[in-house]
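The values are calculated or read from the model by the stated rules, or taken from the named source; none is laboratory data. In this text, all values refer to a predicted model and were calculated from it rather than measured experimentally. Reconstructed Cβ throughout: ideal geometry from the backbone, glycine too, with neighbour counts over all protein chains shown. Quick note on the areas: whole protein, heavy atoms, side chains included, nothing else; ligands and nucleic acids left out. Shrake-Rupley method; radii C 1.70, N 1.55, O 1.52, S 1.80 Å.
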Amino acid sequence: MSKKKVLVTGGAGFIGGNFVQYMVNKYPDYDVFNLDQLTYAGDLTKHSGIEKMANYHFVKADISDRDVIFSIFEKENFEYVIHFAAESHVDRSITDPGIFVQTNVLGTQILLDASRAVGVTKFVHVSTDEVYGELDFDPTTFFTEETPLKPNSPYSASKASSDLLVRAYHETYGLPVNITRCSNNYGPYHFPEKLIPLTISRVLNDQKVPVYGDGKNIRDWLHVIDHCAAIDLVMHEGVNGEVYNVGGHNERTNLEVVKTIIKTLGKSEELIEFVKDRLGHDKRYAIDPTKLENLGWKPTYNFETGIAQTIQWYLDNKEWWEQIISGDYQNYFEKQYSINK
Ligand code: NAD
Ligand code: TYD
(Lines give C-alpha, C1' and ligand atoms only; values in the text may rest on other atoms or scores of the structure.)
(Ligands and ions follow the chains in the order given, each with its own letter.)
Protein backbone atom coordinates (compact mmCIF):
# COMPACT_ATOMS: atom_id res chain seq x y z
CA MET A 1 0.00 0.00 0.00
CA SER A 2 1.36 3.43 -0.87
CA LYS A 3 2.05 5.85 1.97
CA LYS A 4 -0.37 8.66 2.81
CA LYS A 5 0.95 12.01 1.61
CA VAL A 6 0.79 14.95 4.01
CA LEU A 7 1.49 18.44 2.70
CA VAL A 8 2.75 20.89 5.33
CA THR A 9 2.94 24.46 4.02
CA GLY A 10 5.34 26.79 5.82
CA GLY A 11 7.31 23.84 7.19
CA ALA A 12 10.56 25.84 7.22
CA GLY A 13 9.11 28.33 9.71
CA PHE A 14 8.68 28.16 13.47
CA ILE A 15 5.49 26.18 14.10
CA GLY A 16 5.39 24.42 10.72
CA GLY A 17 9.02 23.41 11.25
CA ASN A 18 8.26 21.88 14.64
CA PHE A 19 5.21 20.15 13.13
CA VAL A 20 7.22 18.66 10.24
CA GLN A 21 9.71 17.14 12.69
CA TYR A 22 6.89 15.89 14.92
CA MET A 23 5.14 14.20 11.97
CA VAL A 24 8.24 12.71 10.33
CA ASN A 25 9.26 11.12 13.63
CA LYS A 26 5.81 10.05 14.79
CA TYR A 27 4.43 8.70 11.51
CA PRO A 28 6.99 6.72 9.49
CA ASP A 29 4.09 5.49 7.36
CA TYR A 30 3.27 9.04 6.16
CA ASP A 31 5.21 10.87 3.45
CA VAL A 32 5.61 14.41 4.77
CA PHE A 33 6.09 17.17 2.18
CA ASN A 34 7.38 20.50 3.46
CA LEU A 35 6.37 23.19 0.94
CA ASP A 36 7.90 26.57 1.69
CA GLN A 37 9.02 29.64 -0.23
CA LEU A 38 11.89 30.24 2.21
CA THR A 39 11.14 33.87 2.97
CA TYR A 40 13.17 35.66 5.65
CA ALA A 41 11.27 33.52 8.22
CA GLY A 42 12.02 30.16 6.60
CA ASP A 43 15.19 28.20 7.22
CA LEU A 44 16.04 24.60 6.43
CA THR A 45 19.03 24.19 8.74
CA LYS A 46 16.55 23.30 11.49
CA HIS A 47 15.78 20.10 9.57
CA SER A 48 19.34 18.73 9.41
CA GLY A 49 18.24 15.90 11.73
CA ILE A 50 15.45 14.69 9.42
CA GLU A 51 16.47 15.78 5.92
CA LYS A 52 17.85 12.36 5.02
CA MET A 53 14.85 10.44 6.33
CA ALA A 54 12.94 8.62 3.62
CA ASN A 55 9.56 10.05 4.63
CA TYR A 56 10.68 13.73 4.49
CA HIS A 57 10.51 15.77 1.29
CA PHE A 58 11.09 19.45 0.61
CA VAL A 59 9.52 21.52 -2.17
CA LYS A 60 10.41 25.18 -2.63
CA ALA A 61 7.32 27.02 -3.86
CA ASP A 62 5.22 30.13 -3.32
CA ILE A 63 1.63 29.34 -2.28
CA SER A 64 0.42 32.38 -4.22
CA ASP A 65 1.77 30.94 -7.51
CA ARG A 66 -1.32 29.18 -8.84
CA ASP A 67 0.28 27.24 -11.71
CA VAL A 68 3.11 25.89 -9.58
CA ILE A 69 0.78 24.91 -6.74
CA PHE A 70 -1.63 23.13 -9.09
CA SER A 71 1.16 21.19 -10.78
CA ILE A 72 2.52 20.04 -7.39
CA PHE A 73 -0.94 18.94 -6.20
CA GLU A 74 -1.69 17.11 -9.46
CA LYS A 75 1.63 15.25 -9.23
CA GLU A 76 1.48 14.30 -5.54
CA ASN A 77 -2.25 13.91 -4.86
CA PHE A 78 -2.00 14.83 -1.19
CA GLU A 79 -4.32 13.21 1.32
CA TYR A 80 -3.86 15.86 4.02
CA VAL A 81 -3.01 19.55 3.72
CA ILE A 82 -1.86 21.26 6.92
CA HIS A 83 -1.56 24.94 6.12
CA PHE A 84 0.86 27.04 8.17
CA ALA A 85 2.52 29.19 5.49
CA ALA A 86 1.89 32.86 6.19
CA GLU A 87 3.36 36.21 6.88
CA SER A 88 3.08 36.07 10.65
CA HIS A 89 4.53 39.17 12.32
CA VAL A 90 2.12 41.91 13.44
CA ASP A 91 4.79 44.65 13.39
CA ARG A 92 5.73 43.84 9.79
CA SER A 93 2.03 43.92 8.83
CA ILE A 94 1.81 47.47 10.18
CA THR A 95 4.67 48.66 7.97
CA ASP A 96 3.85 46.56 4.86
CA PRO A 97 0.33 45.06 4.75
CA GLY A 98 0.29 44.13 1.04
CA ILE A 99 2.32 40.93 1.26
CA PHE A 100 0.02 39.77 4.09
CA VAL A 101 -2.97 39.91 1.76
CA GLN A 102 -1.08 38.19 -1.04
CA THR A 103 0.29 35.30 1.01
CA ASN A 104 -2.33 34.86 3.71
CA VAL A 105 -5.47 35.48 1.66
CA LEU A 106 -4.64 34.76 -1.98
CA GLY A 107 -2.21 31.96 -1.09
CA THR A 108 -4.83 30.24 1.06
CA GLN A 109 -7.47 30.53 -1.66
CA ILE A 110 -5.12 28.91 -4.20
CA LEU A 111 -4.39 26.04 -1.79
CA LEU A 112 -8.14 25.58 -1.25
CA ASP A 113 -8.74 25.41 -5.01
CA ALA A 114 -5.91 22.91 -5.47
CA SER A 115 -7.19 20.82 -2.54
CA ARG A 116 -10.64 20.74 -4.12
CA ALA A 117 -9.22 19.76 -7.47
CA VAL A 118 -7.49 16.65 -6.09
CA GLY A 119 -10.11 15.84 -3.42
CA VAL A 120 -8.09 15.93 -0.23
CA THR A 121 -9.29 14.00 2.84
CA LYS A 122 -8.65 16.97 5.13
CA PHE A 123 -7.51 20.59 4.91
CA VAL A 124 -6.41 22.00 8.27
CA HIS A 125 -6.08 25.77 8.29
CA VAL A 126 -3.78 26.92 11.09
CA SER A 127 -5.12 30.25 12.27
CA THR A 128 -4.78 32.45 15.31
CA ASP A 129 -6.77 33.77 18.26
CA GLU A 130 -5.90 37.26 16.98
CA VAL A 131 -8.82 37.02 14.51
CA TYR A 132 -11.16 37.56 17.49
CA GLY A 133 -9.62 40.96 18.25
CA GLU A 134 -8.85 41.83 21.84
CA LEU A 135 -10.31 41.13 25.27
CA ASP A 136 -10.30 43.58 28.14
CA PHE A 137 -8.44 42.78 31.37
CA ASP A 138 -11.37 40.97 33.05
CA PRO A 139 -9.74 37.57 33.77
CA THR A 140 -13.07 35.71 33.52
CA THR A 141 -13.52 36.47 29.79
CA PHE A 142 -12.14 34.18 27.09
CA PHE A 143 -12.30 33.67 23.33
CA THR A 144 -14.56 30.76 22.40
CA GLU A 145 -15.21 29.41 18.90
CA GLU A 146 -18.43 31.49 18.94
CA THR A 147 -16.67 34.82 19.58
CA PRO A 148 -17.26 37.12 16.58
CA LEU A 149 -14.25 37.86 14.36
CA LYS A 150 -13.03 41.40 14.99
CA PRO A 151 -9.39 41.62 13.85
CA ASN A 152 -7.45 44.79 14.60
CA SER A 153 -4.10 44.48 12.77
CA PRO A 154 -3.47 43.96 9.05
CA TYR A 155 -2.01 40.56 10.05
CA SER A 156 -5.08 39.41 11.96
CA ALA A 157 -7.38 40.86 9.28
CA SER A 158 -5.59 38.80 6.63
CA LYS A 159 -5.86 35.66 8.79
CA ALA A 160 -9.57 36.31 9.47
CA SER A 161 -10.12 36.74 5.72
CA SER A 162 -8.47 33.41 5.03
CA ASP A 163 -10.55 31.77 7.80
CA LEU A 164 -13.71 32.98 6.08
CA LEU A 165 -12.58 31.53 2.74
CA VAL A 166 -11.84 28.18 4.39
CA ARG A 167 -15.29 28.19 5.97
CA ALA A 168 -16.90 29.12 2.63
CA TYR A 169 -15.14 26.27 0.78
CA HIS A 170 -16.65 23.88 3.31
CA GLU A 171 -20.15 25.38 3.10
CA THR A 172 -20.16 25.83 -0.69
CA TYR A 173 -18.14 22.89 -2.02
CA GLY A 174 -18.14 20.51 0.93
CA LEU A 175 -14.34 20.63 1.24
CA PRO A 176 -13.43 18.71 4.44
CA VAL A 177 -11.79 21.45 6.50
CA ASN A 178 -10.92 22.40 10.05
CA ILE A 179 -9.73 25.74 11.34
CA THR A 180 -7.53 25.88 14.45
CA ARG A 181 -7.11 29.17 16.31
CA CYS A 182 -4.15 29.05 18.63
CA SER A 183 -2.82 31.49 21.19
CA ASN A 184 0.79 32.77 21.14
CA ASN A 185 3.30 29.96 20.67
CA TYR A 186 6.85 29.76 21.97
CA GLY A 187 9.57 27.11 21.96
CA PRO A 188 12.51 25.90 19.85
CA TYR A 189 13.18 27.59 16.47
CA HIS A 190 11.06 30.66 17.24
CA PHE A 191 12.30 33.48 15.01
CA PRO A 192 13.99 36.14 17.16
CA GLU A 193 11.74 39.00 16.00
CA LYS A 194 8.95 37.76 18.32
CA LEU A 195 8.85 38.72 22.01
CA ILE A 196 10.18 35.56 23.72
CA PRO A 197 13.12 34.66 21.44
CA LEU A 198 13.93 38.36 20.98
CA THR A 199 14.17 38.74 24.76
CA ILE A 200 16.23 35.58 25.27
CA SER A 201 18.70 36.40 22.51
CA ARG A 202 19.12 40.04 23.54
CA VAL A 203 19.42 39.31 27.27
CA LEU A 204 22.08 36.70 26.52
CA ASN A 205 23.98 39.41 24.62
CA ASP A 206 23.43 41.98 27.43
CA GLN A 207 21.37 44.16 25.05
CA LYS A 208 18.30 46.24 25.88
CA VAL A 209 14.90 44.57 25.51
CA PRO A 210 12.22 46.82 23.96
CA VAL A 211 8.89 46.54 25.82
CA TYR A 212 5.99 48.25 24.09
CA GLY A 213 3.90 50.77 26.04
CA ASP A 214 3.57 49.92 29.73
CA GLY A 215 4.20 46.17 29.25
CA LYS A 216 0.79 45.29 30.70
CA ASN A 217 -0.67 43.71 27.56
CA ILE A 218 -1.50 40.06 28.12
CA ARG A 219 -0.83 37.07 25.89
CA ASP A 220 -1.79 33.40 26.48
CA TRP A 221 1.37 31.37 25.85
CA LEU A 222 1.37 27.81 24.50
CA HIS A 223 4.43 25.62 23.96
CA VAL A 224 4.78 24.80 20.26
CA ILE A 225 4.85 21.03 20.88
CA ASP A 226 1.43 21.21 22.51
CA HIS A 227 0.20 23.08 19.43
CA CYS A 228 1.65 20.33 17.19
CA ALA A 229 -0.20 17.66 19.19
CA ALA A 230 -3.42 19.65 18.87
CA ILE A 231 -3.11 19.81 15.09
CA ASP A 232 -2.30 16.08 14.93
CA LEU A 233 -5.53 15.41 16.83
CA VAL A 234 -7.63 17.77 14.70
CA MET A 235 -6.30 16.40 11.40
CA HIS A 236 -7.27 12.86 12.42
CA GLU A 237 -10.33 13.39 14.65
CA GLY A 238 -11.67 16.88 13.92
CA VAL A 239 -15.27 17.08 12.75
CA ASN A 240 -15.35 18.54 9.23
CA GLY A 241 -16.27 22.22 9.12
CA GLU A 242 -15.48 22.81 12.81
CA VAL A 243 -13.25 25.44 14.39
CA TYR A 244 -11.07 24.48 17.39
CA ASN A 245 -9.42 26.99 19.72
CA VAL A 246 -6.02 25.96 21.09
CA GLY A 247 -4.64 27.36 24.35
CA GLY A 248 -3.53 26.23 27.78
CA HIS A 249 -4.56 29.04 30.17
CA ASN A 250 -1.07 30.51 30.52
CA GLU A 251 -1.80 34.23 30.60
CA ARG A 252 1.10 36.54 31.36
CA THR A 253 1.72 40.26 30.91
CA ASN A 254 4.59 41.06 28.56
CA LEU A 255 6.50 42.49 31.49
CA GLU A 256 6.07 39.23 33.45
CA VAL A 257 7.41 37.27 30.48
CA VAL A 258 10.45 39.52 30.06
CA LYS A 259 11.20 39.56 33.80
CA THR A 260 10.96 35.75 34.00
CA ILE A 261 13.53 35.40 31.22
CA ILE A 262 15.87 37.99 32.75
CA LYS A 263 15.65 36.29 36.15
CA THR A 264 16.23 32.79 34.76
CA LEU A 265 19.32 34.03 32.94
CA GLY A 266 20.59 35.82 36.07
CA LYS A 267 20.67 39.26 34.43
CA SER A 268 19.50 42.73 35.51
CA GLU A 269 16.05 44.23 34.95
CA GLU A 270 17.89 47.37 33.86
CA LEU A 271 17.98 45.71 30.44
CA ILE A 272 14.26 46.53 30.07
CA GLU A 273 13.59 49.56 27.89
CA PHE A 274 10.04 50.84 27.53
CA VAL A 275 9.49 52.01 23.95
CA LYS A 276 6.64 53.60 22.00
CA ASP A 277 3.56 51.38 21.91
CA ARG A 278 2.61 49.29 18.87
CA LEU A 279 -0.17 50.90 16.79
CA GLY A 280 -3.56 49.28 17.52
CA HIS A 281 -1.90 47.13 20.20
CA ASP A 282 -4.39 44.43 21.33
CA LYS A 283 -4.77 44.48 25.13
CA ARG A 284 -5.36 40.85 25.95
CA TYR A 285 -5.78 37.43 24.32
CA ALA A 286 -7.05 34.40 26.28
CA ILE A 287 -8.39 31.11 24.96
CA ASP A 288 -11.14 28.82 26.20
CA PRO A 289 -9.93 25.42 24.89
CA THR A 290 -12.89 23.35 26.19
CA LYS A 291 -13.99 22.17 22.73
CA LEU A 292 -10.54 20.80 21.89
CA GLU A 293 -10.18 19.25 25.35
CA ASN A 294 -13.47 17.44 24.72
CA LEU A 295 -11.90 16.03 21.53
CA GLY A 296 -9.07 14.61 23.71
CA TRP A 297 -6.30 17.25 23.82
CA LYS A 298 -4.35 18.21 26.91
CA PRO A 299 -1.20 20.38 27.00
CA THR A 300 1.94 18.87 28.51
CA TYR A 301 3.69 22.15 29.45
CA ASN A 302 2.62 25.01 31.68
CA PHE A 303 4.36 28.36 31.29
CA GLU A 304 6.99 27.64 33.95
CA THR A 305 8.11 24.29 32.52
CA GLY A 306 7.80 25.50 28.93
CA ILE A 307 9.80 28.69 29.34
CA ALA A 308 12.53 26.82 31.25
CA GLN A 309 12.80 24.25 28.43
CA THR A 310 12.81 27.03 25.81
CA ILE A 311 15.52 29.13 27.51
CA GLN A 312 17.68 26.01 27.82
CA TRP A 313 17.12 25.27 24.12
CA TYR A 314 18.32 28.77 23.15
CA LEU A 315 21.38 28.28 25.37
CA ASP A 316 22.11 24.94 23.69
CA ASN A 317 21.45 26.14 20.12
CA LYS A 318 23.21 29.48 19.92
CA GLU A 319 24.56 28.78 16.46
CA TRP A 320 21.02 28.58 15.07
CA TRP A 321 19.82 31.98 16.31
CA GLU A 322 23.19 33.72 16.01
CA GLN A 323 23.23 32.91 12.30
CA ILE A 324 19.78 34.54 12.02
CA ILE A 325 20.42 37.71 13.98
CA SER A 326 23.70 38.34 12.16
CA GLY A 327 22.03 38.59 8.73
CA ASP A 328 19.25 40.75 7.29
CA TYR A 329 17.50 40.61 10.63
CA GLN A 330 19.91 43.23 11.98
CA ASN A 331 18.66 45.75 9.38
CA TYR A 332 15.06 44.94 10.31
CA PHE A 333 15.76 45.42 14.00
CA GLU A 334 17.48 48.76 13.57
CA LYS A 335 14.71 50.08 11.28
CA GLN A 336 11.87 48.79 13.45
CA TYR A 337 13.12 50.05 16.75
CA SER A 338 14.50 53.39 15.62
CA ILE A 339 11.03 54.06 14.12
CA ASN A 340 9.37 53.02 17.37
CA LYS A 341 11.56 55.04 19.75
P1 NAD B 1 6.75 31.84 10.63
O2 NAD B 1 6.75 33.26 10.16
O3 NAD B 1 7.80 31.39 11.58
O4 NAD B 1 6.84 30.85 9.38
C5 NAD B 1 6.11 31.06 8.21
C6 NAD B 1 6.68 30.16 7.12
O7 NAD B 1 5.87 30.34 5.94
C8 NAD B 1 8.12 30.49 6.74
O9 NAD B 1 8.88 29.30 6.64
C10 NAD B 1 8.00 31.16 5.37
O11 NAD B 1 9.12 30.94 4.53
C12 NAD B 1 6.74 30.49 4.82
N13 NAD B 1 6.08 31.32 3.81
C14 NAD B 1 5.77 32.64 3.89
N15 NAD B 1 5.19 33.04 2.74
C16 NAD B 1 5.11 31.94 1.93
C17 NAD B 1 4.60 31.73 0.63
N18 NAD B 1 4.06 32.72 -0.09
N19 NAD B 1 4.66 30.48 0.11
C20 NAD B 1 5.22 29.47 0.82
N21 NAD B 1 5.74 29.61 2.05
C22 NAD B 1 5.68 30.85 2.60
O23 NAD B 1 5.29 31.60 11.22
P24 NAD B 1 4.82 30.74 12.48
O25 NAD B 1 4.95 31.56 13.70
O26 NAD B 1 5.46 29.40 12.41
O27 NAD B 1 3.26 30.61 12.17
C28 NAD B 1 2.77 29.57 11.35
C29 NAD B 1 1.27 29.69 11.24
O30 NAD B 1 0.67 29.62 12.53
C31 NAD B 1 0.80 31.01 10.62
O32 NAD B 1 -0.27 30.75 9.75
C33 NAD B 1 0.35 31.84 11.81
O34 NAD B 1 -0.68 32.74 11.43
C35 NAD B 1 -0.16 30.76 12.74
N36 NAD B 1 -0.09 31.05 14.19
C37 NAD B 1 1.08 31.51 14.75
C38 NAD B 1 1.15 31.75 16.12
C39 NAD B 1 2.43 32.19 16.78
O40 NAD B 1 2.43 32.46 17.99
N41 NAD B 1 3.56 32.26 16.09
C42 NAD B 1 0.02 31.53 16.92
C43 NAD B 1 -1.15 31.07 16.32
C44 NAD B 1 -1.18 30.83 14.96
P1 TYD C 1 4.71 39.12 19.40
O2 TYD C 1 5.69 38.11 19.87
O3 TYD C 1 5.08 39.99 18.24
O4 TYD C 1 3.33 38.34 19.14
P5 TYD C 1 1.84 38.94 18.86
O6 TYD C 1 1.94 40.36 18.46
O7 TYD C 1 1.37 38.07 17.74
O8 TYD C 1 1.09 38.73 20.13
O9 TYD C 1 4.37 40.09 20.61
C10 TYD C 1 3.89 39.57 21.85
C11 TYD C 1 3.61 40.75 22.76
O12 TYD C 1 4.85 41.38 23.09
C13 TYD C 1 2.76 41.84 22.12
O14 TYD C 1 1.88 42.38 23.10
C15 TYD C 1 3.75 42.89 21.67
C16 TYD C 1 4.87 42.76 22.69
N17 TYD C 1 6.23 43.04 22.20
C18 TYD C 1 7.06 43.93 22.92
O19 TYD C 1 6.65 44.49 23.96
N20 TYD C 1 8.33 44.15 22.46
C21 TYD C 1 8.79 43.54 21.32
O22 TYD C 1 9.97 43.81 20.93
C23 TYD C 1 7.95 42.65 20.61
C24 TYD C 1 8.42 41.97 19.36
C25 TYD C 1 6.67 42.42 21.10
Average accessible surface area per residue within the range 4-340, 1.4 Å rolling probe, Å²:
41 Å²
Please give the Cα centre distance for the range 221-265 versus the range 89-122, rounded to the nearest Å.
22 Å
Pairwise label distance in nanometres, T172 with A54, each label 7 Å out on the Cα-Cβ vector
4.2 nm
Largest-first ellipsoid semi-axes for the range 1-149, taking √(5λ) over the Cα gyration tensor eigenvalues, angstrom:
28, 18, 17
Compute the signed sum of charges (Lys and Arg +1, Asp and Glu -1) over the other residues within less than 13 Å, Cβ to Cβ, of R219.
-1
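Restricting to bridges with both residues inside the range 4-340, how much of the DSSP beta-bridge set is antiparallel, in percent to the nearest 5? Intermediate values should be presented prior to the final figure.
On the way: 4 of 42 bridges.
Restricted to the range 4-340, the bridges split so that about 10 percent are antiparallel.
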Ranked highest first by average number of other Cβ atoms within 10 Å, how do 49-59, 215-225 line up?
215-225, 49-59
Within straight-line cross-link reach of K46, aspartates and glutamates at Cα separation under 15 Å, skipping those fewer than 8 residues along the same chain:
D36, D316, E319, E322
Under Stokes-Einstein, the chain at 4 °C and 1.567 mPa s, with its Kirkwood radius over C-alpha pairs, diffuses with a coefficient in µm²/s of 64 µm²/s
What one gets for the range 12-62 as the Kirkwood radius, inverse of mean 1/r over different Cα pairs in Å, is 10.9 Å
Lysines with Cα under 23 Å of K150, excluding same-chain neighbours fewer than 8 positions away:
K159, K194, K216, K283, K291
Which percent of the accessible area of the chain is formed by carbon and sulfur heavy atoms (probe 1.4 angstrom)?
51 percent
From the Cα centre of the range 171-194 to that of the range 22-39, the distance in Å is 16 Å
Pairs of alpha-carbon atoms within less than 8 angstrom and 6+ residues apart define the contacts here; what relative contact order does the range 4-340 have, in percent?
17 percent
Please list 148-161, 14-27 highest first by mean number of surrounding beta-carbon atoms within 10 Å per residue.
14-27, 148-161
Return the Rg/Rh value of the range 288-341, two decimal places, where both radii are evaluated on C-alpha atoms and Rh is the Kirkwood radius.
1.22
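How charged is the neighbourhood of A286? Take every other residue with its Cβ under 9 Å from the Cβ of A286, and add Lys/Arg as +1 and Asp/Glu as -1.
-2
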Please report the net charge: other residues with Cβ closer than 9 Å to the Cβ of D91, K and R +1, D and E -1.
+1
Within the range 189-208, the residues whose backbone N lies under 20 Å from a label point placed 7 Å from the Cα of E322 along the Cα-to-Cβ direction are 189-193, 197-208
